[in-house]
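Asks: Mind having a look at this structure? Questions to follow.
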Amino acid sequence: MRADGPRGMKDAFSFMPTAPKRGKISTQVKRCYSLKRNKEFRYVYRRGNSKANELMVVIFTKNRTPALKHIGFSVSKKLGNSVCRNRVKRRMRSAFDTVFGEVKPGYNIIVIARAPILSADFSDICAAARSLLRRGDLLKKEENKA
């Protein structure tokens, strides 16, 4: 047996680049923060409060673990084929990346896309996301800076 392993592979993961180290905490909507199961979505739909504007609807409810916050994105087949739907989901997820760090912990949130989001600018989507979270009182209170 050779020292570099079977089939001449030295290390199976030596070709993979490592992630850059960052000094700040990431506020991205990571997969661990997402609602995954159908029963989680059903619970929020059944028990939640909703706020809406022309681009999207936000449904939210308190969850059982007050330290965690979860978010799920829903795009109907009425909005188009899978390419359009996935593009809308990526844009919504990216818009919520900017405000997810300011969301109060202890909530499950579902974001539902509406048809005008297909032609909306990204800045409009970000503004709509922030305004819906503010109207639902889901943003942390900003401290007065003197």
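The values are calculated or read from the model by the stated rules, or taken from the named source; none is laboratory data. Just so it is clear, the model here is predicted, and its values are computed rather than measured. Ideal geometry is used to build each Cβ from the backbone, glycine not excepted, and the neighbour counts take in all protein chains shown.
Asks: So, in region 29-53, of the ones that are part of a loop (DSSP other than H, G, I, E, B) and surrounded by fewer than 13 Cβ atoms within 10 Å (Cβ to Cβ), which residue ends up modelled with the lowest pLDDT? Don't jump to the end; show me each part of the working.
Replies: Let us first name the residues in region 29-53 that are part of a loop (DSSP other than H, G, I, E, B), namely 29-30, 35-37, 48, 53.
Narrowing the set further to residues that are surrounded by fewer than 13 Cβ atoms within 10 Å (Cβ to Cβ) leaves 30, 36-37.
Numbers: Lys30: 66, Lys36: 81, Arg37: 86.
Among them, the one singled out is Lys30.
Asks: Go through region 54-72 and count every residue that is surrounded by fewer than 19 Cβ atoms within 10 Å (Cβ to Cβ), out of contact with any helix residue (DSSP H, G or I) (no Cβ under 7 Å at 6 or more places or on another chain) and part of a loop (DSSP other than H, G, I, E, B).
Replies: 5
Asks: May I ask you to verify whether Asp137 is farther than 16 Å from Leu35 by Cα and assigned to a loop (DSSP other than H, G, I, E, B)?
Replies: It is true that Asp137 is farther than 16 Å from Leu35 by Cα and assigned to a loop (DSSP other than H, G, I, E, B).
Asks: Follow-up. If the requirement is being under 22 Å from Val44 (Cα atoms), in contact with a Phe, Trp or Tyr (Cβ under 9 Å, 6 or more places away or on another chain) and surrounded by 15 or more Cβ atoms within 10 Å (Cβ to Cβ), which of these qualifies: Val75, Val99, Val103? Full working, then the answer.
Replies: Working: Val75 fails: in contact with a Phe, Trp or Tyr (Cβ under 9 Å, 6 or more places away or on another chain); Val99 fails: in contact with a Phe, Trp or Tyr (Cβ under 9 Å, 6 or more places away or on another chain).
Just one listed residue meets the conditions, Val103.
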